[in-house]
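Below is one structure, written out as structure tokens; the observations come after it.
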Amino acid sequence: MNTKKIALLVSSLVLAGPVVAADYKVDPAHTAVVFEVSHMGFSTLLGRFNELAGDYQFDADNPAAAKASFTIEADSVDTNHQERDKHLRSPDFFDVRQYPTLDFASTGYEGDKNGGKLSGNLTVHGVSQPVTFDVSFIGEGEDPWGGYRNGFNAETTIKRSDFGMSYGLPGVGDDIAIKLFVEGIRQ
């Protein structure tokens, strides 16, 4: 191989840069964020957020490089009861006028392709706290529209009082189980 061909090969490899994790955009039509909270110790109340956006990076060969970022519109809270949802949007709980979003930004991942622990900072009601999600890989593949998708489930439990929301304690539980069902489209 002559020197020009070697130089061309080396420069093309340098310009191409390192192989990086695939970027995925969260598909909000196929992603859900739900929560569970005790109601007076008699039952478990379920709710969800209907508007969210996010993206993540994932490389099956280097899972430790995984990153994720999510933004949830606080006023999209939905517990299937209009008056309760109105109360949850008020200053007693989410105070959506002052704090319109709930945000998560990852800080690290420990595990393998099939699952692990995703740590990061969750901001709710203007307060940021570290949280760790248990993550499970669901699957991946080509979709019928020529794209490529994958999916994960994740869950954690937080104390709402840690985020400055103590209204109604102890009748409305302090422990909030959060579950994410995420489907992303490779960009």
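Select, from I185, I176, the only residue that is crowded, with 17+ Cβ neighbours inside 10 Å and more than 18 Å from V34 (Cβ to Cβ). One residue alone meets the criteria, I185. Among all positions in segment 68-77, there is no residue which is open to solvent by 80 Å² or more (accessible area, probe 1.4 Å) and either basic (K, R) or out of contact with any helix residue (DSSP H, G or I) (no Cβ under 7 Å at 6 or more places or on another chain) (or both). Just checking, does segment 95-104 include any residue being out of contact with any strand residue (DSSP E or B) (no Cβ under 8 Å at 6 or more places or on another chain) and open to solvent by 40 Å² or more (accessible area, probe 1.4 Å)? So far as segment 95-104 goes, yes, one or more of its residues are out of contact with any strand residue (DSSP E or B) (no Cβ under 8 Å at 6 or more places or on another chain) and open to solvent by 40 Å² or more (accessible area, probe 1.4 Å). Scanning segment 108-118 for any residue that is farther than 15 Å from V37 by Cα, assigned to a helix (DSSP H, G or I), modelled with pLDDT of 95 or more and more than 15 Å from the chain's Cα centre (by Cα) turns up nothing. Among the residues of segment 26-49, which ones are under 21 Å from R149 (Cα atoms) and surrounded by fewer than 18 Cβ atoms within 10 Å (Cβ to Cβ)? Residues satisfying the conditions are D27, P28, A29, H30, A32.
In the set (1) at pLDDT 95 or above; (2) open to solvent by less than 40 Å² (accessible area, probe 1.4 Å), F58 fails one condition alone, (1). Quick check, is A64 open to solvent by 60 Å² or more (accessible area, probe 1.4 Å), in a helix (DSSP H, G or I) and closer than 23 Å to T107 by Cβ? Spelling it out, A64 is indeed open to solvent by 60 Å² or more (accessible area, probe 1.4 Å), in a helix (DSSP H, G or I) and closer than 23 Å to T107 by Cβ. Pairing residues of segment 71-82 that are among the hydrophobic types (A, V, I, L, M, F, W, C) with residues that are part of a strand (DSSP E or B) and open to solvent by 20 Å² or more (accessible area, probe 1.4 Å), at Cβ distances under 7 Å and at least 6 apart in sequence or on separate chains, gives I72/L52; I72/T101; A74/T101. For segment 130-187, a tally of residues being among the charged types (D, E, K, R) and part of a loop (DSSP other than H, G, I, E, B) returns 2. Of note, K86 does not satisfy the criterion of being part of a strand (DSSP E or B), among the basic types (K, R) and open to solvent by 40 Å² or more (accessible area, probe 1.4 Å). Among the residues of segment 135-160, just one is under 13 Å from the mean Cα position of the chain (by Cα) and open to solvent by 70 Å² or more (accessible area, probe 1.4 Å), namely E155.
Answer yes or no: is there a residue in segment 68-80 that is assigned to a strand (DSSP E or B), within 16 Å of the chain's Cα centre (by Cα) and charged (D, E, K, R). Outline the logic, then answer.
Initial filter on segment 68-80 (assigned to a strand (DSSP E or B)): 68-73, 77-78.
Applying the additional criterion that residues be within 16 Å of the chain's Cα centre (by Cα) yields 68-73, 77.
With charged (D, E, K, R) added as a condition, the list becomes 73.
Yes, segment 68-80 has at least one match.
When you go through F94, F104, F35 one by one, which is the residue that is touching a helix residue (DSSP H, G or I) at 6+ places or on another chain (Cβ under 8 Å), under 20 Å from A177 (Cβ atoms) and at pLDDT 95 or above? Walk me through how you get there before you give the answer.
Numbers: F104 fails: touching a helix residue (DSSP H, G or I) at 6+ places or on another chain (Cβ under 8 Å); F35 fails: touching a helix residue (DSSP H, G or I) at 6+ places or on another chain (Cβ under 8 Å).
One residue alone meets the criteria, F94.
The values are calculated or read from the model by the stated rules, or taken from the named source; none is laboratory data. Just so it is clear, the structure is predicted and the values come from calculations on it, not from any experiment. Reconstructed Cβ throughout: ideal geometry from the backbone, glycine too, with neighbour counts over all protein chains shown. Note: accessible area is taken over every heavy atom of the protein model, side chains too, but ligands, DNA and RNA are not part of it. Shrake-Rupley method; radii C 1.70, N 1.55, O 1.52, S 1.80 Å.
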